[in-house]
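A.B. asks: Mind having a look at this structure? Questions to follow.
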Amino acid sequence: MSGLNAGLQAHLETGLTTTCRCWALTRVDGVLFGFTDHDGDLSFEGIDFKAESGLSALALQQSTGLSVDNTEALGALSADVIREDDIEAGRYDGAEIRAWLVNWQNVAERQLQFRGTIGDLKRTDGAFEAELRGLTEALNRPLGRVYQKPCSAVLGDRNCKFDLTQPGFTNERDVEIVEERRVFRFDALPGFEEGWFQFGRLVMLSGAAVDLSGSIKHDRIEDDERVIELWQPLRAEIVAGDRLRLDAGCDKRFETCLFKFDNLLNYQGFPDIPGDDWTITDPTKAGDLSGGSRRS
């Protein structure tokens, strides 16, 4: 049992153990919860692990190599801990999970057994079941640079480097009319031309949907109203008076980067890359066989 906490190993070797499991769950918005399957609360590493949460876990499957470590967490929905509306809103999507084996009589004797994130999360009959994915899950994602005409950066990220807080690129306002949590109607958005926010983001700043965001599909004028339409509905209740922010959109084109954002030095696309028709053309049909540029 290489790497096992010496105190915990000595405790396990006695044959008479007082161990339990503890989990720390950290949502992407920074909210932290602690749970344990022991019948009393425990505390270590500055985290309080609550016993009344009703959370338990299936046996941990660990493997060598790049295989994904998998386990599942089971628990009851609770009004003051894990709420159904928070699950519905997606606040637990991608949350970090840490799991320890702990001697509840001496919490210094503990071993971190699992660290990963929440994958698929199901809820039925007042309970939830969450798939836990190990750290090697990230290694299953394809990586590498894609050579394409459109920009591969996300507006405002470390590759794009554009500062969206500059005047004229964001707009904060109250919700006026919202339909199906997806279509937002305003009397006007003065100072922003039609389509300015298309392909941008809408971020909720207050209300039940605070911190949730959605990608903007359309930004249009319709019957003297400014209509902002999302690709997908936000996953929490939105009412008139809730505060939101609109971020300018980018369609990834060379011209947009130059004229809308004046950010050409950080453009991550390849606007002059030949298209498929050009690259598969038979050279004997080109007419000019001098060996010079075919783009002239």
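The values are calculated or read from the model by the stated rules, or taken from the named source; none is laboratory data. Since we're looking at a predicted model, the values are computed, not measured. Don't worry about glycine lacking a Cβ; one is built from the backbone with ideal geometry, like all the others, and counts go over all protein chains shown.
A.B. asks: How about the stretch 70-112: which of its residues are of a type in the set (D, E) and modelled with pLDDT of 55 or more?
C.D. replies: Those that are of a type in the set (D, E) and modelled with pLDDT of 55 or more: D80, E84, D85, D86, E88, D93, E96, E109.
A.B. asks: Considering only the stretch 214-230, I want to know if a residue exists there that is of a type in the set (D, E, K, R), in a loop (DSSP other than H, G, I, E, B), loosely packed, with under 14 Cβ neighbours inside 10 Å and not assigned by TED's automatic domain parsing to the domain that holds G30.
C.D. replies: yes
A.B. asks: Give all pairs with beta carbons closer than 6 Å in which a residue from the stretch 185-209 that is under 15 Å from P167 (Cβ atoms) meets a residue that is basic (K, R) and surrounded by 15 or more Cβ atoms within 10 Å (Cβ to Cβ); count only pairs at least 6 apart in sequence or on separate chains.
C.D. replies: Filtered contacts from the stretch 185-209: L189/R226.
A.B. asks: Here's another thing I want to ask about it. Kindly provide the set of residues from the stretch 177-203 that are within 19 Å of L155 (Cβ to Cβ) and in a strand (DSSP E or B), ordered by number.
C.D. replies: Within the stretch 177-203, R201, L202, V203 qualify.
A.B. asks: Considering (1) in contact with a Lys or Arg (Cβ under 8 Å, 6 or more places away or on another chain); (2) crowded, with 17+ Cβ neighbours inside 10 Å; (3) modelled with pLDDT of 85 or more; (4) assigned by TED's automatic domain parsing to the domain that holds F49, say which one C151 fails and leave the rest.
C.D. replies: (4)
A.B. asks: Which condition does V203 not pass, out of (1) farther than 27 Å from T256 by Cα; (2) within 20 Å of the chain's Cα centre (by Cα), if it passes all the others?
C.D. replies: Looking at each condition in turn, V203 falls short on (1).
A.B. asks: Hey, which of the strands (runs of 3 or more DSSP E) in the stretch 100-176, taking only ones fully inside, have at least 1 residues that are closer than 21 Å to C20 by Cα and of a type in the set (A, V, I, L, M)?
C.D. replies: The qualifying strands (runs of 3 or more DSSP E) are 110-124, 127-134.
A.B. asks: Using beta carbons and a limit of 7 Å, which pairs, at least six apart or on different chains, have the first residue in the stretch 7-31 and of a type in the set (A, V, I, L, M) and the second one modelled with pLDDT under 90 and in a loop (DSSP other than H, G, I, E, B)?
C.D. replies: L25/A95; V28/G94; V28/A95
A.B. asks: Note down all Cβ pairs under 7 Å where the first residue falls in the stretch 163-175 and is within 20 Å of F259 (Cα to Cα), the second is of a type in the set (V, I, T) and outside any loop (DSSP other than H, G, I, E, B), and they're at least six residues apart or on different chains.
C.D. replies: L164/T170
A.B. asks: Can you tell me which residue among R173, R123, R110 is within 23 Å of I238 (Cα to Cα) and surrounded by 14 or more Cβ atoms within 10 Å (Cβ to Cβ)?
C.D. replies: The match here is R123.
A.B. asks: Looking only at residues that are under 37 Å from the mean Cα position of the chain (by Cα) and of a type in the set (A, V, I, L, M, F, W, C) in the stretch 7-27, which one is nearest to T117 (Cα to Cα)?
C.D. replies: L25
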